[in-house]
Amino acid sequence: MSNAAISLKDLDISYGDTKVVRDVSFDVATGESFALVGESGSGKSTVLKAIAGLAPDWTGEISVLGKPRGHGTDRTFSNTCQMVFQDPYASLHPRKTIDTVLSEPLAIHGIGQRSKKVVEMLSAVGLDQRFRFRFPHQLSGGQRQRVAIARALMLEPKVMLLDEPTSALDVSVQAEILNLLKRLRREQGLTYLMVTHNLPVVSFMCDRMAVMNKGRIVEIAPKTALYDGSFSDPYTLDLYAASGGNPDADPAVAAASDTKDP
Amino acid sequence: MTDAPLLEVEDLRVSFATPKGPVEVVKGLNLTLGREERLGIVGESGSGKSMTGRSILRLIRAPGKQTAKTLRFDGLDLMAQGTRQMRRIRGARISMIMQDPKFSLNPVMTIGHQIAEALQVHEKLPRRDLQARVIEMLNSVRLNDPERVAKMYPHEVSGGMGQRVMIAMMLIPRPQLLIADEPTSALDVSIQAQVLDLIEELVTGNGMGLILISHDLNLVARYCDRILVMNGGEVVEACTAPDLHKASHPYTKGLLAAQPRMQETRDELPVLDRSGGVRT
Ligand SMILES: Nc1ncnc2c1ncn2[C@@H]1O[C@H](COP(=O)(O)OP(=O)(O)O)[C@@H](O)[C@H]1O
Ligand SMILES: Nc1ncnc2c1ncn2[C@@H]1O[C@H](COP(=O)(O)OP(=O)(O)O)[C@@H](O)[C@H]1O
Ligand SMILES: [Mg+2]
Ligand SMILES: [Mg+2]
C-alpha cells in the first residue's frame with residue numbers, strides 16, 4: 001500500500017526464547033488513527049516497541065512512511081516516528097526541568113532555535129509558560145502527560161505511537177488529553193497508532209481498530225462496529241459485552257451515558 | 001434493631017496535620033446504608049473516597065485524624081470502640097477489599113493458610129472443617145482447582161486470580177458489610193466484569209451491605225442501588241443509580257459528559273472547570 005504510514009507484515013516478536021507476538025499484519029494509512037486493543041499481556045505494547053526499535057528481536061517486515069525499518073535504534077527514524085508511554089510519572093526524568101526535557105531531542109539532532117521551539121510547543125499542548133523551568137514532580141499527572149506528548153512532538157514526527165496515553169489519568173483529565181491529541185492530529189496531519197483497553201476511547205479517537213488476543217490479531221474492524229457490536233470474533237464480542245457493550249441493552253449504562261451535554 | 005440502618009455516618013471528618021496547619025480531606029460527610037443495600041461512592045482521585053472507606057473501619061493512621069458526630073454500625077458506636085475491639089470487628093463483621101491484592105496478601109503464606117486464618121479470627125473450627133470451608137470458598141469465587149490454588153503463594157497467581165483470593169478471604173467470615181475500594185481498577189475489562197458480578201452475587205441474598213468505591217461512574221451505576229458523588233472531600237450529589245443521568249450538580253454532569261461513549265459522535269469532549277462548572 002503506497003499511502004501506508006505504518007505497514008506490518010508477518011511480524012513475529014520475541015523476548016529471548018519466548019515468542020510473544022505472532023503473525024501480525026496490518027497497514028495504517030497516512031493520517032489515520034488506528035487502535036490496538038486487547039487484554040494485558042496480549043502483546044500490544046510489544047508491537048509498538050518493535051516499531052519504535054525498542055524490541056529488536058523480530059522477524060517479518062516493518063515499514064514506516066514507506067521506509068523499511070532495520071533492527072535496533074535508528075536516529076533518523078525518531079524524526080518521523082515517536083512514542084508516548086502510559087505512565088507520565090515514570091517516563092520523565094525526575095531531575096530534568098521541563099525545558100531540558102523538551103530541548104534535549106533538538107540538541108541531540110543539532111537543531112537550532114530551541115528556546116523559541118520550546119515556548120511554542122508548551123502553548124501547543126496547552127501548558128502555561130510558568131511550567132517551563134519546573135521539575136516533573138511539581139506537575140499533576142495530566143500536566144506531565146502533556147509534557148510527554150510535547151517531548152514526542154519536538155522533532156515534528158509524522159507518526160505517533162501512543163501506548164495507553166490516558167489510562168493513568170482521571171476522566172476529566174483524560175478528556176483534556178484526548179481533545180489535545182485529536183487537535184494535534186488534525187493540525188499537524190499526524191498518523192496515530194494507539195494502544196488502549198478502553199473501547200469508548202477508540203470510539204472517540206480512532207477510525208479503525210485491531211483486536212489482539214494472546215499475541216495474535218483476531219479481528220480488524222472499523223470504529224462503527226462499536227456502534228452496533230457488529231464484530232465477528234467471539235473474543236471481540238466478549239470484550240465488547242464486558243465493556244458495557246451496546247448501552248441500549250443495559251438501562252443503567254444507557255442512563256449513565258445518556259446525559260445531555262450541559 | 002432490624003429496622004435501623006446497617007451503617008449511619010454523620011459529620012465524618014478526616015484531617016491531616018501539615019506544616020501549614022491541618023488540612024481537611026473529608027469535610028462533614030453523612031451517609032446511611034440499609035441492610036442489603038449497595039451504595040456507590042464515586043469521584044476523581046484525591047476526592048476523599050478511600051479516606052471515607054478507611055475511616056468507617058477506623059483505619060486512618062497518624063498524622064491523619066478522624067472525627068464523627070455519629071459512626072454507628074449495627075447499633076454499635078464505632079467511635080467508642082477500643083483498638084482491640086475494632087480489630088475484632090474488622091474482617092469479621094466489616095471487610096474491606098483494596099485495589100491491589102499484591103499489597104494486601106501476605107507474600108510468604110500460602111493462599112489456603114491465609115483464608116483459613118481469616119476464618120479463624122471469627123470462628124473456632126476443627127482443622128478438617130476449616131479446610132473444607134476454605135475449599136468451598138475458593139470454589140465459590142470460581143477458582144479452578146481450589147485444592148491446588150490453596151497451596152499456592154500470592155506471587156504465583158495472576159491479578160484476576162489474586163483479586164478472587166482477596167474476595168474469598170474477605171467474605172469467608174460472612175461479614176455484614178463489605179467495603180470494596182476500587183476492587184477492579186488494576187484488572188482487565190473482561191475480568192473486571194467477572195469479579196464485580198461475583199461480588200454482586202455473593203453480596204445479594206446474604207444480608208450483606210456493600211460500599212463500592214470507584215472513579216468509574218458507569219461501573220457504580222451498574223452495580224449499586226444508590227450513588228454518592230464526592231469532590232474535594234464533600235458529597236456533592238446523592239442519587240439512585242437509575243437517576244444518575246438526571247444528576248443536577250455541575251460536577252456530576254461534567255464528569256458524565258467528559259467520558260467518551262461507546263457510540264461516540266462528538267468532535268470534542270467537554271472538560272471540567274476545576275471550580276465546579278463545565279467549559280468546552
Ligand atoms: N521485556 C520483556 N521481557 C520478557 N517478556 C516480556 C517483556 N515485556 C513484555 N513481556 C511479555 O510479553 C507479553 C506481551 O506483553 P505486552 O506487549 O506488554 O502486552 P500488552 O501491552 O498487551 O499488555 C507478556 O506475556 C509479557 O509478560
Ligand atoms: N498521609 C497524608 N497526608 C496528607 N494528605 C493525605 C495523606 N493521605 C491522603 N491525603 C490526601 O487526602 C485526600 C483524599 O485522599 P483519598 O481518600 O485517598 O482520595 P481518593 O481515594 O478519592 O483518590 C487527597 O487529597 C490526598 O492527597
Ligand atoms: Mg501494554
Ligand atoms: Mg482511593
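Taken over the stretch B:94-108, residues that are over 22 Å from B:Arg58 (Cα atoms) and surrounded by 14 or more Cβ atoms within 10 Å (Cβ to Cβ) amount to 1. Evaluation of B:Glu264 against the conditions (1) at the interface with chain A (Cβ under 8 Å from one of its Cβ atoms); (2) under 29 Å from B:Leu12 (Cβ atoms) shows that the sole unmet condition is (2). Being of a type in the set (Val, Ile, Thr), under 30 Å from B:Gly254 (Cβ atoms) and either part of a helix (DSSP H, G or I) or more than 8 Å from every other protein chain (Cβ to nearest Cβ) (or both) holds for only one residue in A:Val173, A:Val218, and it is A:Val173.
Look through A:Lys9, A:Lys44 and report the one residue that is surrounded by fewer than 20 Cβ atoms within 10 Å (Cβ to Cβ) and either within 16 Å of ligand 2 (Cβ to nearest atom) or of a type in the set (D, E, K, R) (or both).
Numbers: A:Lys44 fails: surrounded by fewer than 20 Cβ atoms within 10 Å (Cβ to Cβ).
The conditions single out A:Lys9.
Given the criteria part of a strand (DSSP E or B) and modelled with pLDDT of 90 or more, does A:Ile51 qualify? So A:Ile51 fails the test.
Exactly one residue out of B:Arg84, B:Arg61, B:Arg72, B:Arg88 is in contact (Cβ under 8 Å) with a residue 40 or more places away in the chain and away from ligand 3 (no atom under 16 Å from the Cβ), and it is B:Arg72.
Among residues of the stretch B:72-93 being aliphatic (A, V, I, L, M), modelled with pLDDT of 95 or more and closer than 15 Å to B:Gly209 by Cβ, the one that is surrounded by the fewest Cβ atoms within 10 Å (Cβ to Cβ) is B:Leu76.
Any idea which residue in the stretch B:44-63 is nearest to ligand 1 (Cβ to nearest atom), counting only those that are surrounded by 18 or more Cβ atoms within 10 Å (Cβ to Cβ) and farther than 24 Å from B:Arg93 by Cα? The selected residue is B:Glu44. Applying the condition of being buried (at least 18 other Cβ atoms within 10 Å of the Cβ) and part of a loop (DSSP other than H, G, I, E, B) to the stretch A:31-41 and asking which residue is farthest from ligand 3 (Cβ to nearest atom) yields A:Glu32.
Do any strands (runs of 3 or more DSSP E) lying entirely in the stretch A:57-165 carry at least 1 residues that are buried (at least 18 other Cβ atoms within 10 Å of the Cβ) and touching a Cys at 6+ places or on another chain (Cβ under 7 Å), and which ones are they?
On the way: elements: A:58-64, A:81-84, A:159-163.
Correct list: A:58-64, A:159-163.
For the stretch A:179-200, the set of residues classified as over 17 Å from A:Val28 (Cβ atoms) and within 11 Å of another protein chain (Cβ to nearest Cβ) consists of A:Asn179, A:Leu180, A:Arg183, A:His197, A:Asn198, A:Leu199, A:Pro200, listed by residue number.
The values are calculated or read from the model by the stated rules, or taken from the named source; none is laboratory data. Note that the coordinates shown come from a computational prediction; the quantities given were computed from them, not determined experimentally. So basically every Cβ, Gly included, is an ideal-geometry build from the backbone, and we count neighbours across all protein chains shown.
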